[in-house]
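The values are calculated or read from the model by the stated rules, or taken from the named source; none is laboratory data. Being a predicted model, the structure only gives us computed values, none of them experimental. Using ideal geometry, Cβ is built from the backbone for each residue, glycine included, and neighbour counts are taken over all protein chains shown. Accessible surface is based on the protein model in full, side chains and every heavy atom, while ligands, DNA and RNA are left aside. Shrake-Rupley method; radii C 1.70, N 1.55, O 1.52, S 1.80 Å.
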There are 6 protein chains.
Amino acid sequence: MPTINVQVFEGRTLEQKRAFVKAVTEATVQTLGATPESVDIIIHELKKEDWATAGRLWSDRT
Amino acid sequence: MPTINVQVFEGRTLEQKRAFVKAVTEATVQTLGATPESVDIIIHELKKEDWATAGRLWSDRT
Amino acid sequence: MPTINVQVFEGRTLEQKRAFVKAVTEATVQTLGATPESVDIIIHELKKEDWATAGRLWSDRT
Amino acid sequence: MPTINVQVFEGRTLEQKRAFVKAVTEATVQTLGATPESVDIIIHELKKEDWATAGRLWSDRT
Amino acid sequence: MPTINVQVFEGRTLEQKRAFVKAVTEATVQTLGATPESVDIIIHELKKEDWATAGRLWSDRT
Amino acid sequence: MPTINVQVFEGRTLEQKRAFVKAVTEATVQTLGATPESVDIIIHELKKEDWATAGRLWSDRT
């Protein structure tokens, strides 16, 4: 606790994930007063055909 | 907002997803008074071996 | 299955929830080929101070 | 209802999943007073590069 | 990891929650080979007006 | 997209939430290459009696 679940389009590199979890953990520790060890971050990569806004799949946008 | 997460067994076609997000967005706009642009829908396809009801995996049902 | 989780700002009336789950269930049955009995919908109402876009809480927008 | 979502590292065997959903369903029935048929369990397997604790991806731990 | 999120109707006693998390943690440790310390369980209590099956809110069932 | 759901113990002040969503949005923009407008953050505050680690509720720890 805190546990942070992130939903993002697929295609992030390992280096991006590494930088993201480091930066978000630091932001969480500084603003919420948590210890680093208590911060879990789980990344969920999604295909564009599995996400829609305004009734249209992102895979259908050009 | 609203953000709608849908868990469903895998095997839906792209056409089914397209029709689903269109229809659910319209239903949301009409009943909750949201704008279409504010409606996000995220689809999560699951394998039958990852879903159980009454203590039995769906992949074990014939 | 399908299980549908909806996140929305608080303040929906019981009548809106009733209409919403009816319409979304029908949309799901028609587009994904599920039976009505298999469709679960769970509504999560959120306070504006618990949702942010672009780094600003919705309770801070006027 | 109850609906139980489990996030776990990938690599579980089918036999482990089968034993897990059986045992957790029994535990739920006995302690919460639910019927077996009302218990749904959904398993989400995650890669080590998609989970971080203390700002470090589990794929970076040796 | 594992992290287990449970959605259940409101009205569980503290004693029921205590028994539930103990039993589910034991079931998880025995079947998935996790350590007890690695098992997190998060309980979400829901009102009957926020859960629907087959297009009807549970608060509308008598 | 990205959509970030955060689970944390209750008791955060409005000022902490405000600082948290600002810092996490900046961290996301810088590391994942998203625009600020595309970042949604949803905060879920939980009671200590609804979170367990190692089979014990946090409300039972002194």
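Worth pointing out:
- Three principal axis lengths of region C:3-60 [C-alpha, angstrom, descending]: 42, 24, 13
- Overall dimensions of the protein assembly as shown by Cα: Rg and Dmax, Å: 19.6, 56
- Taken residue by residue and averaged, Cβ atoms of other chains lying within 10 Å of the Cβ of E:6-13 number 5.
- Share antiparallel - DSSP beta bridges, the protein assembly as shown, percent rounded to 5: 50
- E:Arg12 contributes an accessible area of around 60 Å² to the protein surface, as traced by a 1.4 Å probe with all chains present.
- Only protein atoms count toward the accessible area here, which uses a 1.4 Å probe; on region A:3-60, the carbon and sulfur part of that area reaches 51 percent.
- Helix F:14-32 axis versus longest C-alpha principal axis of chain F: approximately 50°, rounded to the nearest ten.
- Using a Förster distance of 22 Å, the FRET efficiency for D:Ala54-F:Asp60 (Cβ separation, nearest 0.05): 0.35
- Across peptide F:26-39, the mean count of Cβ atoms from other chains lying within 10 Å of each residue's own Cβ comes to 5.
- E:Glu45/D:Thr35 FRET efficiency (R0 25 Å; Cβ-Cβ; nearest 0.05): 0.85
- Between chain D and chain B, the total buried accessible area stands at approximately 1200 Å², from heavy atoms with a 1.4 Å probe.
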